[in-house]
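See structure below.
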Amino acid sequence: MSNSSIINLNDSLPPLIGNDRTDLAALFAPEQQPSFRTEQVFKWLYGKGIRDPRDFSNMPKPFRTHLAENFSESAVEVEYRTSSDVSQVVKYLFRLVDGKKVEGVWIPDRDRGTLCVSSQVGCALGCEYCATGSMGFTRNLTSGEIIDQLLTVRYRENKLITHVVFMGMGEPLQNYDAVAKIVRILNDPAGCAIARRHITISTAGWIPGIERLIADHLPCRLAISLGSPDDEIRAKLMPVAQRFPLTDLFAAAKAWTSEMDDHVTIEYTLLAGVNDRPEDAKKLNKMLMGIPSKINILTYNPGPDARFERSSGAQTERFTTLLEEIFCGPVTRRISRGDEIGAACGQLVLLKK
Ligand code: SF4
């Protein structure tokens, strides 16, 4: 079997990866293959992680040759990989066929491994506390470029990826079609076989996307990066809030929890003097009443040109303790890992050379 780590990023051919069953069936139709061929290819690509069609050993050789000659094996190439001895977190820089670059972060743990994937080159939403937001938006990633981040890391790290979070570069719900296609492949038992509860889409509050998640019953969890429970402050931190106020956002979140019979996670990054006061905790608690939810308190990781300061340890403690006292759902504090290599939440940015 040939080595699947040898990446052949060919910009003149479309990648085979990133296609779901429907796409594959359409691609193979002119070849007059039996219908089970689609399922076989699907399993090779996503279940086994074999990207070279010449290795699809249960298929006729002419068909394998046809695939090898007409499709690229990859959609991304590893430009560099940097790992931290302190946290074991690994940051990947992926190069795309047009030379654009995105980052992904591998966070290994004793009994699980989480991959944080990017969904766009840059981001249009421009949240003030996010390094990616300062890059502006370049383009959406294709479904192949999204799934290849996972296939590449799975192969390179030689570890099972148990959790996938769409928390890398970009607002995943603004690239809905490609992201939804990949979520289904991730969750498919013949694909990557990752449980629905281990796939999370994190949004800054793009309500049209939440409505599509509900309509499609997409097999994933939902996290909302809140910024502030105050519309005015939130609008200053996150331009998307000028379009979608909190009452609408929480109504959409509640509808999602009912449809999916799940709780929504509120990601709350503490910014010193901005959203870490007792009144912020009380307001947050009030706004979440009646919504099955969990609050995840995050440490701010200042990226290049940071405009905010991280809340002190004492202030973080006070805020968390107050929320734990008044909020009826779980309150967790996410231990930030990877900031020593610029791989922590909010730090993903490509420095201009
Ligand atoms: Fe975009 Fe998310 Fe950063 Fe906001 S937090 S700018 S949505 S990547």
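Where a number appears in this text, it was derived from the coordinates with a stated rule and is not lab data. Fair warning: this is a prediction, and the values are worked out from it, not measured in the lab. No Cβ is skipped: glycine too gets one built from the backbone with ideal geometry, and neighbour counts run over all protein chains shown.
Label zone (Y155, point 7 Å along Cα-to-C-beta; backbone nitrogen cut-off 20 Å) within the range 57-75: 57-59, 64-75.
Separation of the alpha carbons by more than 20 angstrom is noted, of K100/K181; K181/K294; K101/K159; K61/K181; K254/K283, for K100/K181; K181/K294; K101/K159; K61/K181. Spin-label model, R277 to Y80: label points 7 Å out along the Cα-to-beta-carbon direction sit 4.2 nm apart. A simple charge model with +1 on the Cβ of Lys and Arg, -1 on the Cβ of Asp and Glu and nothing else charged puts the dipole of the chain at about 420 debye relative to its Cα centre. Annotation: amide H of T269 within the under-5 Å range of L226, G227, L298, sequence separation 5 or more or interchain, hydrogens built in the peptide plane. Against the empirical 2.2 N^0.38 Å (N residues), the range 1-126 has a Cα radius of gyration ratio of 1.23. Rg then Dmax, both in Å and based on the Cα atoms of the range 108-189: 13.3, 39. Going from the residue with the fewest nearby Cβ atoms within 10 Å to the one with the most, M238, M135, M169 rank M135, M238, M169.
Quote the FRET efficiency, to the nearest 0.05, computed for Q32 versus Q88 with a Förster distance R0 of 56 Å and r equal to the Cβ-Cβ distance. Numbers along the way, then the final one.
Details: r = 49 Å, r/R0 = 0.88.
With a Förster radius of 56 Å, E is 0.70.
Using only alpha carbons, the chain has a radius of gyration to Kirkwood radius ratio (Rg to Rh) of 0.99. Shown here are the Rg and Dmax of the Cα trace of the range 61-214, at 15.8, 54 Å. Could you calculate the FRET efficiency of D305 with A124 from 1/(1 + (r/R0)^6), where r is the beta carbon distance between them and R0 is 22 Å, rounded to 0.05? After rounding, the FRET efficiency stands at 0.75. For the pair K286 and R110, label points projected 7 Å from Cα toward Cβ lie 4.2 nm apart.
Treating r as the C-beta distance of D231 and A314 and R0 as 35 Å, the FRET efficiency rounds to 0.80.
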